[in-house]
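Any read-out appearing in this document is the output of simple, stated calculations on the displayed coordinates, not a laboratory observation. None of the values given here were measured: they were computed from a predicted structure. Cβ atoms come from the backbone with ideal geometry, glycine included; neighbour counts cover every protein chain shown.
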Amino acid sequence: MQTFLGDFYHLSMKYGYPPKVILLNSENQTSNFVLKLLNHNQNRILQFESSLDEGVLHILE
């Protein structure tokens, strides 16, 4: 799910996870840019997915 609001981030901080949240800070970027950003961070995302201690992953452009 994609959202431009921080609602899921704040809910995750308040109630914990699941769901886990990947927060992309990539304002006004194309879909291709976001896809490249996700591909570039694939290892971090996979580690985050399997982590039992983390509920939010921040990815900066």
At what distance in nm do the modelled label points of Lys20 and Lys36 sit from each other, each positioned 7 Å from its Cα along Cα→Cβ?
-> 2.6
Find the relative contact order for the range 7-60 and round it to a whole percent, using C-alpha pairs within less than 8 Å whose residues are 6+ positions apart.
-> 53
